[in-house]
1. Measuring from label point to label point, each 7 Å out along Cα→Cβ, what is the residue 64 to residue 27 span in nm?
2. List every residue whose amide H lies under 5 Å from the amide H of residue 201, counting only residues 5 or more places away in sequence or on a different chain, with H placed 1.01 Å from N in the peptide plane.
3. Just report the Cα centroid separation between segment 107-137 and segment 176-210, whole Å.
4. Hey, can you rank 124-133, 205-214, 35-44 by average C-beta count inside 10 Å, highest first?
5. Which order do the peptides 160-167, 136-143 take when ranked by the mean count of other beta-carbon atoms within 10 Å per residue, highest first?
6. Over 32 Å between Cα atoms, which of 119/150; 26/150; 26/89; 66/109; 66/94; 71/150 qualify?
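All of the numbers you see were taken from the coordinates with simple rules; none came from a lab. From a predicted model like this one, the values you see are computed outputs, not experimental measurements. Virtual Cβ from ideal backbone geometry, glycine too; neighbours counted across all protein chains shown.
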Amino acid sequence: MKKILITALILTAMLGTSLTASAAPKTMSDGTVFDAEYYAATYPDVAQALGTDEAALYQHYVSFGKAEGRKPHADNYVSQDTIDAANAKHKYYKNITAEQAAAADAVAKQIADSIMANKAYTTDLQRVNAAAVTVASYCSQIPYGSDAAKWYRSPYGVFVGGVYTCAGSTRALGRILDYMGYSWEHTNENKNSHQWCIVTMDGQKGFADGMGGFAGYGDMVSGMTINGMTIYFPS
């Protein structure tokens, strides 16, 4: 199924070996969180000299990089503890297999990483709005409705399964927000009413609507989806 507005590259398959840069940040023996893949990509001069050997890259960071102001991981690094807490709070994947959840999370993280790496976005509102627009773009390509497997209520339905409701679009957006480092609240969760995210942006309480594809400061407002469906608030 065609997906649009995916601004991150397809996740590169990485060999599961200590000889190559790892595909995700890891906690080193001294407690430092280090992302060898990020370090190699961000500092090509180091990678050119040392290649992608994780141990060599980390030794460079410890011996030289830290003093030079180089970063061991991306600014938007989110710990697994934070993701686990979000899982417990939002219960994204009821009736979804671990493999399906992992597939949806990979898309959400890809989107989040791309947004956070985009230097054109200088405010929280711009970043959160970009996430909302991306989710709405996915939704515009698939049917609105329910399915027997209940994918419609989850990020999996939006990103992979091909079916959504406002509940699913809210959780899909929320999952991206998790990986962007934002905490959020689910408005009208499990209610027969329109749903959206409440999130603090730039020190202000605001809203983000994954189905509508918009975000703003203050209280939720009415809007229109990418394919012309009007969202009325309150509903």
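1. 3.0 nm
2. 206
3. Comparing the Cα centres of segment 107-137 and segment 176-210, I get a distance of 14 Å.
4. Numbers: 124-133: 22.7, 205-214: 25.4, 35-44: 19.3.
By packing density, highest mean first, the sequence is 205-214, 124-133, 35-44.
5. Working: 160-167: 22.1, 136-143: 20.0.
Top of the packing list down: 160-167, 136-143.
6. On the way: 119/150 37 Å; 26/150 34 Å; 26/89 24 Å; 66/109 26 Å; 66/94 42 Å; 71/150 41 Å.
Beyond 32 Å between Cα atoms: 119/150; 26/150; 66/94; 71/150.
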